[in-house]
C-alpha cells in the first residue's frame, strides 16, 4: 500500500499593478478595454 | 489631429461614431469594432453604450452623458472613456 501525499499548489500572488498606476489611468480602464485581434482572421 | 491632455477633456466637443465602426450591444456593455483600424474595444458599461449611441444627436458629449443619466461624479470616467475612443478612432469629432 503506497502512501499518497497531496500538496496544495501555492496560490499565485496577484501583482499589485493597479496600486502603482495613477488613479486616472485606473479609472479610464474601467469603462473601455481595447483588444488586439491582429492575426485572428475570420474569427470576428 | 488634436492632442488630448488630461486637462482638456472631450465632453464639450461634438462627437459621433466613426462610420466604419460596428456596434454590438452585449449584456455587459458592447463590442465596438472598426473595420478601418481593425480595432476591437469593449465597452464595459451599458450606460457608456447609451452615451455613445446618443453622441450623434447631442450638441456635446456632455449633453449625451446627461441624457443617458450619467451622474456628475462619474463624468470624469466617461470623459476619459470617450477620449480613449476618440484617440483610437472609434469616435470622431462631428463637423455638423
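The values are calculated or read from the model by the stated rules, or taken from the named source; none is laboratory data. Just so it is clear, the structure is predicted and the values come from calculations on it, not from any experiment. Backbone-built Cβ (ideal geometry, glycine too); neighbour counts: all protein chains shown.
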query = Within the group B:39, B:13, which residue is crowded, with 16+ Cβ neighbours inside 10 Å, over 15 Å from residue A:31 (Cα atoms) and modelled with pLDDT under 95?
reply = B:39
inquiry  = Checking the condition at pLDDT 95 or above and within 14 Å of residue A:34 (Cα to Cα), which residue from B:30, B:18, B:66, B:58 passes?
reply    = B:30
